[in-house]
1. Could you please let me know if MET66 is in a helix (DSSP H, G or I), more than 17 Å from the chain's Cα centre (by Cα) and at pLDDT below 80?
2. Which condition number in (1) at pLDDT 75 or above; (2) in a loop (DSSP other than H, G, I, E, B); (3) under 22 Å from the mean Cα position of the chain (by Cα) is the one that ARG25 fails?
3. List pairs: first residue in the stretch 29-58 and among the small types (Gly, Ala, Ser) and at pLDDT below 85, second residue surrounded by 10 or more Cβ atoms within 10 Å (Cβ to Cβ) and in a helix (DSSP H, G or I) anywhere in the structure, Cβ distance under 7 angstrom, at least six positions apart or on different chains.
Amino acid sequence: MPAKGAPTKLQPMRLPPLHKLRVRRPNQADANPCVSIMSSVLSCWASAGFNVAGCQAVEAQLRACMDAPKPKTQKKNTINYHLSRMYPNIVGPRKRK
């Protein structure tokens, strides 16, 4: 129970004055899985002097990785669309300039 004489009306939540409400980089791109194998091939070539027999297994792994089908792309995150749609309801009316 509130103190005697204190208002019982709840204060609305106020956000700082922002032009837009956005989430930075909601769609993080996945790293290419073949990059680590590619660096292994390059380091093998550098140490073996482009010797075909010494790096054949690593090269086969790289070819298999590059020939594999690409994974399905994920759907684009719609959080910024919904934030921009709901932001006027949260902030309330603004003064005109």
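The values are calculated or read from the model by the stated rules, or taken from the named source; none is laboratory data. Predicted model only: the values in this text are computed from it and were never measured. We place every Cβ from the backbone using ideal geometry, glycine too, and count neighbours over all the protein chains shown.
1. Details: in a helix (DSSP H, G or I): yes; more than 17 Å from the chain's Cα centre (by Cα): yes; at pLDDT below 80: no.
No; evaluated as a whole, the condition is false for this residue.
2. The one condition ARG25 does not meet is (1).
3. GLY54/CYS44; GLY54/ALA48
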